[in-house]
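**Student:** The structure follows.
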Amino acid sequence: MASVTITVNGTPQTREIETRVLLVHFLRDTLGLTGTHVGCDTSQCGACTVTLDGMAVKSCSLFAVQADGRSVGTIEGVAKEGKLNAMQEGFWQEHGLQCGFCTPGMIMAACALIERNPKPTDHEVRVGLEGNMCRCTGYTNIVKAVQTAAAATAAGKR
Amino acid sequence: MSETFFGKSVKRREDARLLTGKGAFVDDLKIPFTTHAAFVRSPHAHAKINKIDLTAAKAMKGVIAIYTGKDLKDSGVKPIPVGWLLPGIKVPAHYPLAVDKVRHMGDAVALVIAETVYIARDAAELVEVDYQVLPALSDGAEALKKGAPTVHDEAPDNVCFRWALGDKAATDKAFTTAHKIVKQSFRNHRLIPNAIEPRACLASANAGTGETTLWVTSQNPHVHRLIMAAFVLGIPEHKLRVISQDVGGGFGSKIFIYPEECAVTWASRALSRPIKWTSDRREAFLTDAHGRDHHTEAEIALSAEGNFLGLRVKTVANLGAYLTLFAPAVPTYLYGTLLTGTYKTPAIHVDVTGVFTHTTPVDAYRGAGRPEATYLIERLVDLSAKALGMDPLEIRRKNLLTSDQFPYQTPVALLYDSGNYQGALDKALTMFDYPGFRKEQAAARKEGRYLGVGFSTYVEACGLAPSQVAGALGAQAGLYESATVRVHPTGKVTVFTGSHSHGQGHETTFAQVAADELQVPMEDVEIVHGDTGIVPFGMGSYGSRSGPVGTAAIHMGAQKIKEKAKKIAAHLLEANEKDVVYEGGKFFVKGTPGVSKSFFDVSLMAYLAHNLPKGLEPGLEAISFFDPGNFVFPFGTHICMVEVERSTGVVKVLRYVAVDDLGRVINPMIVDGMVHGGILQGVSQALYEHAEYDENAQLITGSMMNYVVPKADDFIGVELARTETPTPVNPLGIKGAGETGTIASTPAVANAVMDALSPFGIQHIDMPLTPGRIWEALRGRKEA
Amino acid sequence: MYASEFEYYAPGTVAEAVALLGKYGDDAKVVSGSQSLVPMMKLRLSSLKHLVDLRKVPGLTGITESGGFVVVGGMTTHHAVSVSELVKKKLPMMAEAAGNIGDAQVRNLGTIGGSLAHADPSADWPAVLTALDATLVIASAGGERSVKIGDFILGPLTTVLQPAEILTQVRVPLPQGRYGGAYQKLPHPASRFAVVGVAAEMFLDAGGAVQSSRIAITGLGPKVSRASSVEQALQGKKPDAAALKAAAAKAADGIEIRDDLIGSAAYKANLAAVIAERVLARAVARATNR
Ligand SMILES: Cc1cc2nc3c(=O)[nH]c(=O)nc-3n(C[C@H](O)[C@H](O)[C@H](O)COP(=O)(O)OP(=O)(O)OC[C@H]3O[C@@H](n4cnc5c(N)ncnc54)[C@H](O)[C@@H]3O)c2cc1C
Ligand code: FES
Ligand code: FES
């Protein structure tokens, strides 16, 4: 057992946990933040993507103890005061989700993508999201969603 | 006029929760005092279980119980039944936990229940099973060879069924008169569905009430309830409630009643504790029903002018180790019946042998039988064109059924509802400049670049299914759909549908339909699905049936509501019912819209019951069951353009154009999305995905590290358009949209690759068309 | 998906870390980016009892230039390497390779030291750093030692690292003269590791002929290997298209390749040649333009 304090979506959370608890299970099972999903066991699918100190990571690929003292962002923290962010709006507008299982991870990864590359080409979006699998959409609308969000974000900053 | 919604790209309601992490997927649910399950699985494909030693595992702190197959069987648990039977079919018992033999890698032998999932996994590792390993086989064709290991004693030759369809004599005759016969053997390889949400279940038995609730990743919760209650566990049906709220994709794999949910539900009742199980991806690879896996010999008889005279098909279908729910129907009635394709071929005979092997069971995977048929036909069409020196478009135009031929009785049992095959092809050719492409192709070849184009002028049969027909063919269930339309006193509406959404967006599209029919705002309509405790009955979603069957039931229910409402309105208006019309959400006497009763007024009165027509029951609610008179037959033309790199064999899709005719479309945005996803699944079969077993029937593509689930950069954006030929089969004219993409795209890609390789004299390569296989085929070949 | 129990430590210095490793021996492992070790622990392919996290040890990350070397801290992430201006300018193939490892999320955590220590036979770093003739600095209780990359990897998932040693630095000598490097891989369609990856560092003489070269191949054999036949074939030659093609054809010489799901040994040998040709052409172009 170990004691960890992880700031999740801005709120420090201190818990006693087994060392072997993955960050994703800490979020889902310890904190009840079930928006972050688990889709694989080889760190391939990206459904568990969150931010760790601002960087997109797969929360199934590290233990919660390794995030002690750090700051984690999940899908639950993306909308501010009930207002969806540009990426969520983009996914909604462009129908970038069907079953919605990949969506939280996809949105976390896509937000990070346009932060690093605010005006990506379609190809850059596709390559940038290679760590996230979606079995429903065929990605066509996901690419559109990210572009819509990128454009809205750029317009908002102007 | 009130706003209408049919045909509009209304944004999805379900997205509000899914975009913010508030979905309710099974693994998200938390019940106090939940225990956790882990399965002990066979590492061997075929073995006798000599002994299971639970001592060490049971001694672990936190372990609550461990059960074996014998425990379940002795307590009265029955085998999981098969939902579709064929004459002479062998149905070996499939117990939730293997009893004395394991028959595929991953077959479950014991169930560990513990206080935490960690303890359950730790304890599962301590269960010691003494296996006597037996010879195993994975290939369907091998299964039929003399001396092959036997999977089930009931089927010593591994044959589960032999099935044939079509006029053999007429077909044989067609071949005797043929100008040319084109023969090809095809391998339609095995796929693994890989919905991104792994299967999961949470069973909670209440010892006090005797009720059990099961949350499960199901595409058809009522079917789960019926089969688990009545056949496997012997729970009274009304004492089992099955709930499937948000489900993360299915593609067929979540139709079936799996051993895990049966064993977990049984154990929950035995222990009176909630039990949760969530599949690992590794387990998913081994236990989610796989798809396809055919060996086929096909030949087509051609006239000198390029007319298709006859088609003869012999298929061996690998069913895996056990029969799952629809397994026998997939390579027979969902496959053989579709071999007409879009063509006039007058004589067809198909012969299918279903065989057992030591592999994961095979059942419906997106398209289910129809992709196999379509691939075969569309490849044969291209091979025929080659053999006759014709253009692939010319031979298609010559043989396509024409619009005046509908309804069309095919030689393999189906009655096509409506179609305009040439129309879809014409439209696709406005989007893709075919002559221009041929020029570009010729120029590219001079530079050593190999471009190819592939067509797929497909039709498919969906909207399962007329119950009587299905019953006559072996279905053990009806295939109608139900809907209950409940109008509340305030005029707000709840629709309970037996269809199930696991990505299709029913909460939106069904509300569009109901709102239109009832002439109320969409926000006044709520769609409820996926809970047997609330929804009266349902058959769920698969075979692209939600649109053509599910919405039709809603439509019917809404008519009943309007009829009754009109009676009440007429009474309130003191008018003759015949003179009352309902327009813009108001009832009034024709010609005098000034005096009217709103939907609200009427709904309220239905419940107040202060002033109702004599003899009319209070309340405003209707249940309807829509049983379609036929399947529906979406069709279209897909065009794929590829480049094959000579030096590496790498295939790049350069363009993908699809024109589909799905009848009338409720929500174009949602339908486009479904087609996009379907296309990539089919493309991915052609190029990437392949479940492979080794000589000991060990699954070697058992993880996402080596089985390709395509990623965003593996494909390009697709270009879509539609034509619209309504079907007369249902009141809304809807054909199904869920599977067309997958059914159509695989042959379009394969044809394109073969076109690109044609300068090298290559006619056919079995899928998946991986760089390695293409390079191997090109090895030592020179451009002709 | 659920690992076995272990003890977790996050020491603050290299000395503490190696002391812990020394104490627990084979039962302990360090973790840096977690991208290889944690997946193995989840699948219970690794059942260590003590996990020593290097994340609080200062000085293990960062990229600097000093004394004719680009010095990369062992815990530097793939992402950090891929965006480093210094690397992009001086050793572009390193940035190129780093930017194509796994996916964005993997690159944000995975580290250069972890990749080398893990020694996956299909990993990218071993090839790139072999072509660049890197030296690895290894710390232990007894102090530091340096090992040439060529001597570091012994086989699949095995290196010369002792249980109580930590890889602290990767030192890449800054090439002199007219040099150019390139790296390319054909990624595995599912895992994105290299089916074949070829790294080449070429040096041209004043006349434009090949003075020397270091070419390394990953993915084909049990460990990264030098394509010495290619290097020899290029020696002293004018690197025109024909010469590159002829040399590249020898890329797989001497490597024992196995057939697998990706293709036959012959196919993979061919891939090596095709990719080598492309990589050589890019390396030569970079050298020519320098
Ligand atoms: C989805 C996915 C895709 C990937 N794709 C690629 C790819 O395309 N190409 C590629 O090359 N790699 C790929 N990887 C692997 C990735 O690059 C890893 O980051 C890398 O192999 C290991 O680095 P790490 O820092 O994560 O090490 P860890 O996982 O933390 O450790 C790996 C091993 O190295 C040891 N170790 C770690 N750091 C040190 C150190 N400083 N000193 C001594 N020993 C140490 C550990 O004890 C452990 O045995 C992929 C990984 C994933 C999950
Ligand atoms: S669950 Fe983390 S990558 Fe799949
Ligand atoms: S929306 Fe279903 S997996 Fe992406």
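Computed from the coordinates by the stated procedures, all read-outs in this text should not be read as laboratory data. Not measured: the values here are computed from a predicted model. Cβ sites come from the backbone with ideal geometry, for glycine too, and all protein chains shown count toward neighbours.
**Student:** Please go through segment B:1-37 and pick out each residue that is within 25 Å of the chain's Cα centre (by Cα) and aromatic (Phe, Trp, Tyr).
**Tutor:** B:6, B:25
**Student:** Could you check segment B:569-600 and list, in sequence order, the residues that are in contact (Cβ under 8 Å) with a residue 24 or more places away in the chain and farther than 17 Å from residue B:558 by Cα?
**Tutor:** Answer for segment B:569-600, where residues must be in contact (Cβ under 8 Å) with a residue 24 or more places away in the chain and farther than 17 Å from residue B:558 by Cα: B:570, B:571, B:572, B:573, B:597.
**Student:** If we scan segment B:13-31, do we find a residue that is polar (S, T, N, Q) and either within 14 Å of chain A (Cβ to nearest Cβ) or closer than 30 Å to residue B:511 by Cα (or both)?
**Tutor:** Let us first name the residues in segment B:13-31 that are polar (S, T, N, Q), namely B:20.
Checking which are either within 14 Å of chain A (Cβ to nearest Cβ) or closer than 30 Å to residue B:511 by Cα (or both) leaves us with B:20.
The answer is yes, given that some residue of segment B:13-31 is polar (S, T, N, Q) and either within 14 Å of chain A (Cβ to nearest Cβ) or closer than 30 Å to residue B:511 by Cα (or both).
**Student:** Follow-up. Which of (1) more than 8 Å from chain B (Cβ to nearest Cβ); (2) within 26 Å of residue B:30 (Cβ to Cβ); (3) among the small types (Gly, Ala, Ser) does residue A:100 not meet, given it meets every other one?
**Tutor:** Just one mismatch for residue A:100, condition (1).
**Student:** Any residue in segment B:173-184 that's polar (S, T, N, Q): show its pairings with residues that are assigned to a loop (DSSP other than H, G, I, E, B) at Cβ separation under 9 Å, as long as the two are six or more apart or on different chains.
**Tutor:** Final answer for the pair search is B:177/B:303; B:184/B:763; B:184/B:764.
**Student:** Just to be sure I understand the filter: pairs with C-beta atoms under 7 Å, separated by 6 or more residues or on different chains, first member in segment C:1-17 and facing another protein chain (nearest Cβ under 7 Å) and part of a helix (DSSP H, G or I), second member among the hydrophobic types (A, V, I, L, M, F, W, C) and surrounded by fewer than 15 Cβ atoms within 10 Å (Cβ to Cβ). Which pairs pass?
**Tutor:** none
**Student:** Only residues that are within 16 Å of ligand 3 (Cβ to nearest atom), more than 10 Å from chain A (Cβ to nearest Cβ) and among the β-branched types (Val, Ile, Thr): list them for segment B:247-288, please.
**Tutor:** none
**Student:** Would you check if there is a residue in segment B:642-656 being part of a strand (DSSP E or B) and within 30 Å of residue B:538 (Cα to Cα)? Quick ask: steps written out before the conclusion?
**Tutor:** Quick first cut of segment B:642-656, residues part of a strand (DSSP E or B) only: B:642-644, B:651-656.
From the residues that got through so far, the ones that are within 30 Å of residue B:538 (Cα to Cα) too are none.
Checked against the condition, which is being part of a strand (DSSP E or B) and within 30 Å of residue B:538 (Cα to Cα), segment B:642-656 yields no hits at all.
**Student:** Right, another one. Based on this model, can you work out whether residue B:491 counts as in contact (Cβ under 8 Å) with a residue 40 or more places away in the chain, at positive phi and in contact with a Gly (Cβ under 6 Å, 6 or more places away or on another chain)?
**Tutor:** Spelling it out, it is not the case that residue B:491 is in contact (Cβ under 8 Å) with a residue 40 or more places away in the chain, at positive phi and in contact with a Gly (Cβ under 6 Å, 6 or more places away or on another chain).
**Student:** Please go through segment A:110-158 and pick out each residue that is assigned to a loop (DSSP other than H, G, I, E, B) and closer than 15 Å to residue B:676 by Cα. Before you say what the answer is, go through the steps one by one.
**Tutor:** So in segment A:110-158, the residues assigned to a loop (DSSP other than H, G, I, E, B) come out as A:117-121, A:129-139, A:158.
If the condition is that a residue be assigned to a loop (DSSP other than H, G, I, E, B) and closer than 15 Å to residue B:676 by Cα, then A:133, A:134, A:135, A:136, A:137, A:138, A:139 are the ones that fit.
**Student:** Here's a follow-up. For residue B:630, only one of the following conditions fails: (1) assigned to a loop (DSSP other than H, G, I, E, B); (2) farther than 30 Å from residue B:339 by Cβ. What is its number?
**Tutor:** In the conditions (1) assigned to a loop (DSSP other than H, G, I, E, B); (2) farther than 30 Å from residue B:339 by Cβ, residue B:630 misses (2) alone.
**Student:** Looking only at segment C:86-99, decide whether some residue is buried (at least 21 other Cβ atoms within 10 Å of the Cβ), outside any helix (DSSP H, G or I) and within 14 Å of another protein chain (Cβ to nearest Cβ).
**Tutor:** No, the conditions are met nowhere in segment C:86-99.
**Student:** Of the conditions (1) out of contact with any strand residue (DSSP E or B) (no Cβ under 6 Å at 6 or more places or on another chain); (2) surrounded by fewer than 22 Cβ atoms within 10 Å (Cβ to Cβ), residue C:226 fails just one. Which one is it?
**Tutor:** Unmet condition: (1).
**Student:** Counting only residues that are aliphatic (A, V, I, L, M) and assigned to a helix (DSSP H, G or I), which one in segment A:70-109 is farthest from ligand 3 (Cβ to nearest atom)?
**Tutor:** Initially, segment A:70-109 is screened for residues aliphatic (A, V, I, L, M), giving A:72, A:75, A:78-79, A:84, A:86-87, A:97, A:106-109.
This time we only want the ones that are assigned to a helix (DSSP H, G or I), so: A:75, A:86-87, A:106-109.
Numbers: A:75: 14, A:86: 19, A:87: 15, A:106: 7, A:107: 11, A:108: 13, A:109: 12 Å.
Taking the candidates together, the pick is A:86.
**Student:** Check whether at least one residue in segment A:2-16 is within 16 Å of ligand 1 (Cβ to nearest atom) and more than 7 Å from every other protein chain (Cβ to nearest Cβ), and report yes or no.
**Tutor:** The first filter runs over segment A:2-16 and keeps only residues within 16 Å of ligand 1 (Cβ to nearest atom), leaving none.
The answer is no, given that none of the residues of segment A:2-16 is within 16 Å of ligand 1 (Cβ to nearest atom) and more than 7 Å from every other protein chain (Cβ to nearest Cβ).
Each row is one residue, and each column tells you yes or no for (1) out of contact with any Ser or Thr (no Cβ under 6 Å at 6 or more places or on another chain); (2) among the small types (Gly, Ala, Ser); (3) within 24 Å of residue B:689 (Cβ to Cβ).
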| position | (1), (2), (3) |
| --- | --- |
| B:291 | yes, yes, yes |
| B:312 | no, no, no |
| B:316 | no, no, yes |
| B:355 | yes, no, yes |
| B:360 | yes, no, yes |
| B:393 | yes, no, no |
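**Student:** Of the residues that make up segment A:81-92, is at least one farther than 27 Å from residue B:246 by Cα, acidic (Asp, Glu) and more than 12 Å from ligand 2 (Cβ to nearest atom)?
**Tutor:** At the first step, the residues of segment A:81-92 found to be farther than 27 Å from residue B:246 by Cα are none.
So far as segment A:81-92 goes, no, none of its residues is farther than 27 Å from residue B:246 by Cα, acidic (Asp, Glu) and more than 12 Å from ligand 2 (Cβ to nearest atom).
**Student:** Residue B:195 - would you say it is within 14 Å of chain A (Cβ to nearest Cβ) and surrounded by 20 or more Cβ atoms within 10 Å (Cβ to Cβ)? Spell out the reasoning first.
**Tutor:** On the way: within 14 Å of chain A (Cβ to nearest Cβ): yes; surrounded by 20 or more Cβ atoms within 10 Å (Cβ to Cβ): yes.
So residue B:195 fits the description; yes.
**Student:** Would you point out which residue out of B:383, B:451 is closer than 30 Å to residue B:784 by Cβ, in contact with an Asp or Glu (Cβ under 9 Å, 6 or more places away or on another chain), crowded, with 17+ Cβ neighbours inside 10 Å and of a type outside the set (S, T, N, Q)? First the steps, then the outcome.
**Tutor:** Numbers: B:383 fails: in contact with an Asp or Glu (Cβ under 9 Å, 6 or more places away or on another chain).
Result of the check over B:383, B:451: B:451.
**Student:** Give me a count of the residues in segment A:7-50 that are surrounded by fewer than 24 Cβ atoms within 10 Å (Cβ to Cβ) and either assigned to a strand (DSSP E or B) or among the β-branched types (Val, Ile, Thr) (or both).
**Tutor:** Looking only at that region, the number is 14.
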